[in-house]
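Just below is one structure, and these are the notes that go with it.
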Amino acid sequence: MQIYTTYKVKIKCYNHIFKDTVKVYRNAVDYLIDVCNANWDSLLRTGSSLQRQRYIETLIHTTKDNPNPKYDFDSKFYKMPSYLRRGAISEAIGKVSSYRSNLKNWSDDPIGKEPSVPKAGYTFPSMYRTVMYNQTDDYRAQIKVYVRNTWDWITVDLRKSDMDYITRHCKSRKQCAPTLQKRGKEWFLDFPFEEKVTLGKTDVKDQTVVAVDLGINSAATVSVIRSDGTILGRHFCRLPKETDHLSHSINRIKKAQQHGNYRTPRLWAKAKGINTDIAVKTANSIIDIATLYNADVIVFEHLDRRGKLHGSKKQKLHLWRSQQVQSIVTNKAHRLGMRISHICAWNTSRLAYDGSGIVVRGKDAELDTYSLCRFRNGKIYNCDLSASYNIGARYFIREMLKSVSEKTRLHIEAKVPQCSKRSTCTFSTLISLNAVLTSA
């Protein structure tokens, strides 16, 4: 498996000099989008992506063997570096391909407005090695930019802490061509890195699974489970200090809005920074637990965050960084050779792990906290911990039923009916399934 990561390096002392470079590049992409769209039928017949790039280049670029191209690109974009031109061609082909695909889907089912021809948008140029970018020192580089109406080299200083981080952590990875990027008022070089990892192929019966229940009130509840239902560990990731900081920051924003100050960028920036810190610490905690138990798979709920939020807790849901936590954990787990899996989130918290049915939480169960629940048999238990058991159990049930024949699966479903519907499976279902498989 290939993993791609990107690290940004700040360019020091320069602010406005790169604007013309980006403007010329985007204008070139817009020009090439029209060329690709007008010649799309011919472009489709050329074959591979490299052949398509060469075909468009013959239409726009003057050479000794091609003195009269169809389009006068060279006069509009004088002395544009060849690698940058080819990068713009690839960008334009990708955008037109997406547009044509959307247009075909709309023609088959014309719902909504017809897709419009794309524009370059907020694309940024890649600084290809030797022709656009040269590393001259540990903290200094030369890049070719459009300055004084021509393409020329300039020397830029790179932030020391950024380059030291890359040197320390990315020695074993393959470095690709950096991209010139603007964030706010500052400019950066984004360095992409490529590495190959081998994910584990442990049999499902021998796997150790880390089941994670991401919560709104508590950061994460983690259970380490084996396929036979053995619980190896239970861990609670609570970040009370960071959560209090976030609540205090949100309250400051509310107070400012009550006094008519609706635009509070500094207060929102602080709140977003605290929220990101919570997500990073939660992800690190999950990875530490998975490493401690030498886990094979980390299992999350499939959380669909689309649609408009309603109710009294919609602000908490807006601030909930569940997707960011899963993304960070995925990147780190793959680098360690661990797999990531997602299961259906329906009823994981609603159903008791012991199979007793629907639970009652918080005030409805006459309890002081919403994190506790009462089972139908009167048992009081941590609701998030019960949910994490169900998450791990659903993963094992799905994988076990995959590996058996259709006849065996029907036999199992006859004895354990909950297996036929994944959204009703609980930890007790896994215990029953193991009992059936052992007796067979």
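The values are calculated or read from the model by the stated rules, or taken from the named source; none is laboratory data. These numbers come from a predicted model, not from an experiment. Cβ placement follows ideal geometry from the backbone for every residue including glycine, while neighbour counts extend to all protein chains displayed. The area values use the complete protein model at the heavy-atom level, side chains included, leaving out ligands, DNA and RNA. Shrake-Rupley method; radii C 1.70, N 1.55, O 1.52, S 1.80 Å.
Things worth noting here:
- Yes/no for residue 146 being touching a helix residue (DSSP H, G or I) at 6+ places or on another chain (Cβ under 7 Å) and open to solvent by 60 Å² or more (accessible area, probe 1.4 Å): no
- Looking only at residues in segment 314-328 that are of a type in the set (A, V, I, L, M) and under 14 Å from residue 215 (Cβ atoms), the one that is modelled with the lowest pLDDT is 317.
- Among (1) closer than 14 Å to residue 11 by Cα; (2) open to solvent by less than 80 Å² (accessible area, probe 1.4 Å); (3) without any contact (Cβ under 8 Å) to a residue 60 or more places away in the chain - the single one residue 190 does not satisfy: (3)
- Selection of segment 196-205 for residues being over 18 Å from residue 291 (Cβ atoms) and open to solvent by 30 Å² or more (accessible area, probe 1.4 Å) yields 196, 201, 203, 205.
- Selection count where residues are surrounded by fewer than 18 Cβ atoms within 10 Å (Cβ to Cβ), farther than 27 Å from residue 170 by Cβ and not polar (S, T, N, Q), scope segment 8-29: 5
- Exactly one residue among 369, 429, 408 is among the polar types (S, T, N, Q) and in contact (Cβ under 8 Å) with a residue 60 or more places away in the chain, and that residue is 429.
- Applying the criterion of being among the hydroxyl-bearing types (Ser, Thr, Tyr) and under 16 Å from residue 215 (Cβ atoms) to the residues of segment 329-352, the residue that is surrounded by the most Cβ atoms within 10 Å (Cβ to Cβ) is 348.
Residue-by-condition table, conditions (1) aromatic (Phe, Trp, Tyr); (2) touching a residue at least 40 places away in the same chain (Cβ under 8 Å):
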site	(1), (2)
133	yes, yes
137	no, no
141	no, yes
145	no, yes
171	no, no
184	no, no
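- Candidates 269, 256, 219 - the one that is within 24 Å of the chain's Cα centre (by Cα), of a type in the set (Gly, Ala, Ser) and farther than 23 Å from residue 345 by Cβ: 269
- Options 194, 186: the member that is of a type outside the set (Val, Ile, Thr) and touching a Cys at 6+ places or on another chain (Cβ under 9 Å): 194
- Residue that is farthest from residue 11 (Cα to Cα) [pool: residues in segment 147-165 that are in contact (Cβ under 8 Å) with a residue 60 or more places away in the chain and of a type in the set (Phe, Trp, Tyr)]: 151
- Hey, residue 103 open to solvent by less than 40 Å² (accessible area, probe 1.4 Å), part of a helix (DSSP H, G or I) and farther than 26 Å from residue 6 by Cα or not: yes
- Those residues of segment 74-100 which are in a loop (DSSP other than H, G, I, E, B) and among the aliphatic types (A, V, I, L, M), in sequence order: 80
- Here residue 87 meets each of (1) within 19 Å of residue 132 (Cβ to Cβ); (2) in contact with a Pro (Cβ under 9 Å, 6 or more places away or on another chain); (3) open to solvent by 30 Å² or more (accessible area, probe 1.4 Å) with one exception, condition (3).
One line per residue, one yes/no per condition, for (1) in contact with a helix residue (DSSP H, G or I) (Cβ under 9 Å, 6 or more places away or on another chain); (2) closer than 21 Å to residue 78 by Cβ; (3) of a type in the set (D, E, K, R):
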position	(1), (2), (3)
122	yes, no, no
137	no, no, yes
156	no, no, no
161	no, no, no
164	no, no, yes
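- Output for segment 130-143, where each listed residue is open to solvent by 70 Å² or more (accessible area, probe 1.4 Å) and over 20 Å from residue 186 (Cα atoms): 130, 135, 136, 137, 138
- Just one residue in the set 72, 34, 65, 108 is surrounded by fewer than 14 Cβ atoms within 10 Å (Cβ to Cβ), out of contact with any His (no Cβ under 9 Å at 6 or more places or on another chain) and at pLDDT 95 or above; that residue is 34.
- Close Cβ contacts (under 8 Å, 6 or more residues apart or on different chains) running from residues in segment 17-44 that are touching a residue at least 24 places away in the same chain (Cβ under 8 Å) and over 16 Å from residue 180 (Cβ atoms) to residues that are open to solvent by less than 10 Å² (accessible area, probe 1.4 Å) and not in a helix (DSSP H, G or I) comprise 30/120; 33/120.
- One residue from 388, 371, 356, 405 being within 22 Å of residue 302 (Cβ to Cβ) and hydroxyl-bearing (Ser, Thr, Tyr): 388
- Criterion: touching a residue at least 40 places away in the same chain (Cβ under 8 Å), open to solvent by less than 70 Å² (accessible area, probe 1.4 Å), farther than 18 Å from residue 34 by Cβ and among the hydrophobic types (A, V, I, L, M, F, W, C) - qualifying residue of 80, 127: 127
- Meets criteria (of a type in the set (Val, Ile, Thr) and within 30 Å of residue 330 (Cβ to Cβ)) for residue 21: no
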